[in-house]
Amino acid sequence: MGKKDILTFAIESSCDETSVAIVKNGREVLSNIIATQIDIHKKYGGVVPEIASRNHVENITYVIKEAIEKANVSLNDIDVISCTYGPGLVGALLVGLSTAKAMAYALNKPFVGVHHIEGHIAANYITHKDLRPPYLCLVVSGGHSHLVHVKDYTHFEVLGKTRDDAVGEAFDKVARTMGLGYPGGPIIDKLAKEGTPRYNLPRTHFENLDFSFSGIKTAVINLVHKEGDNLNINDLCASFEEAVTDVLLDNVVKAIEELNLDKVAIAGGVSANKYLRERMEKLGKEHNLKVYYPEFILCTDNAAMIASAAYYNYLAGKLSNWDLNAVPNLKIGEA
Ligand code: KG4
Ligand code: ZN
């Protein structure tokens, strides 16, 4: 006891959310401010990189100020300054990275660059105070679909990943074809609840733990064109979710059995999906696994998850240098 609390300050700006958070001891959120640009990008049907960068520049100082006020701390109370440095949109990443570096330098504090996906994984530490590695984590977001063996807080092994579309990307593309708007995930989630999975969609499997979603996506697009007005959107949404989830969970079961793990987590934007959560719960009961997923607000991009990951990097002595650059296609485990 008597150990001093450690406060990490984090900026997340890899895509279309400008977010700043302050987290205590990696698990307790003091503030987590998220300024989303979704409404701005909506009319283009997806994120426009140049517009995203410009909005990050406009928002960042206000979001920082709000996060500090909400946490009710002073800048000097903060122990570690961190930010996402990849993967993501380079112009967007640079806004958070330059700001975080300038703050760390001016305040003379340790600086930690965080891998965005490692941040998504860490979101589970905030929601589940008892979660400790090792466990299996299925990371499903707009840009990534990875099956990760979390060996320790800062030690990851990628067991499998998508060979084509990311899961969230497939949700967004399929939704666009059905004329449902952007982002597609939350809309499909809602409509699928009113439908039955009666359309037959293909499931692609590989020898290893890789995924593929482009076959499902193409089949949905073909159905939309073929069926025209006869199409039942709710049923198609339910069929799409079922096919995607079958593919994801087959590999989860394979990995759990191979590695003999008893805990499985999901993370990333798509981990907000209600059907995926239900199926994970069911799988947990069938295979005697403990199942974890983050609270809704921590599923999509936010800085609290980055602050949590930064805390564990700091404890492990993994600090970054001033010459750290934004890495748009940063691989997991490379940090
Ligand atoms: O993690 P995230 O905020 O950004 C990336 O790092 O990519 O994930 C965004 C993705 C989008 O593709 C969005 O459609 C999807 O997460 N998403 C969902 C749901 N909420 C967000 N997909 C399925 N069901 C949801 N409820
Ligand atoms: Zn993300």
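Here, each number is a calculation from the coordinates, and none is a lab measurement. Keep in mind that what you see is a predicted model, and the values were worked out from it rather than measured. For neighbour counting, all protein chains shown are included, and Cβ atoms are generated from backbone atoms with ideal geometry for every residue, glycine included.
Cα centroid distance between the stretch 88-139 and the stretch 181-242, in Å?
Distance between centres, Cα-based: 32 Å.
For every other residue with a beta carbon closer than 12 angstrom to the beta carbon of Asp250, add +1 if it is Lys or Arg and -1 if Asp or Glu, then tell me the sum.
After counting each charged neighbour, the total is 0.
What's the ranking of 203-213, 140-150, 120-130 by average number of surrounding C-beta atoms within 10 Å, highest first?
So the order, starting with the most tightly packed, is 140-150, 120-130, 203-213.
How far is helix 214-227 tilted off the main Cα axis of the chain, in degrees rounded to 10, range 0 to 90?
Rounded to the nearest ten degrees, it is 50.
Defining a contact as two alpha carbons under 8 Å apart and six or more residues distant in sequence, what relative contact order in percent does the stretch 197-263 show?
Reported relative contact order: 44 percent.
Add -39500 (n - 2.57) for each DSSP H run of 4 or more in the chain, then divide by its residues: what number comes out at 222 nm, to the nearest 500 deg cm²/dmol?
Mean residue ellipticity, 222 nm, calculated: -14000 deg cm²/dmol.
Using only alpha-carbon positions, what ratio does the radius of gyration of the stretch 133-294 give when scaled by 2.2 N^0.38 Å?
1.02
Taking other Cβ within 10 Å of each residue's Cβ, how do Ser14, Ser74, Ser53 sort, fewest first?
Ser74, Ser53, Ser14
Could you list Thr245, Thr177 in order of exposure, starting from the residue whose Cβ has the fewest other Cβ atoms within 10 Å?
Least crowded to most crowded, the residues run Thr177, Thr245.
Using only alpha carbon pairs under 8 Å that are at least six residues apart, calculate the relative contact order of the chain and give it in whole percent.
Relative contact order comes out at 25 percent.
Between their Cα atoms, which of Lys24/Lys151; Lys193/Lys331; Lys151/Lys193 are more than 26 Å away from each other?
Exceeds cut-off: Lys193/Lys331; Lys151/Lys193.
Please arrange Tyr85, Tyr62, Tyr44, Tyr275 by how many other C-beta atoms lie within 10 Å of their C-beta, fewest to most.
Fewest to most other Cβ atoms nearby, the residues stand as Tyr44, Tyr62, Tyr275, Tyr85.
In terms of Cα to Cα distance under 17 Å, which aspartates and glutamates are near enough to Lys42, apart from those fewer than 8 places away along the same chain?
Here the aspartates and glutamates satisfying the reach criterion relative to Lys42 are Asp16, Glu17, Glu50, Glu169, Asp172, Asp301.
Taking the chain as a Gaussian network, Cα atoms linked when under 10 Å apart, which of Gly91, Gly317, Gly228 shows the biggest mean-square fluctuation?
Highest fluctuation of the listed residues: Gly228.
Return a whole-number percent for the relative contact order of the stretch 133-294, with Cα pairs under 8 Å and 6 or more residues apart as the contact set.
Relative CO of the stretch 133-294 lands at 27 percent.
Based on DSSP, what percent of beta bridges with both residues in the chain are antiparallel, to the nearest 5?
If I count the DSSP bridges inside the chain, around 60 percent turn out antiparallel.
Roughly speaking, what is the stretch gain from Lys42 to Lys193, that is 0.36 nm per residue apart minus the C-alpha to C-alpha distance, in nm to one decimal?
Net length gain for the segment: 52.0 nm.
What's the extension gain from Arg203 to Glu227 if we count 0.36 nm per residue and subtract their Cα-Cα distance?
6.6 nm
For Glu28 and Arg277, what does the FRET efficiency come to when R0 = 22 Å and r is the distance between their Cβ atoms, rounded to the nearest 0.05?
0.40
So if I place +1 on the C-beta of Lys and Arg and -1 on the C-beta of Asp and Glu, and nothing else carries charge, what would the dipole magnitude of the stretch 133-294 be about its Cα centre? I want it in debye, nearest 20.
240
Over 27 Å between C-alpha atoms is what I'm after, so list which of Lys161/Lys282; Lys217/Lys274; Lys274/Lys318; Lys101/Lys274 land there.
Lys274/Lys318; Lys101/Lys274
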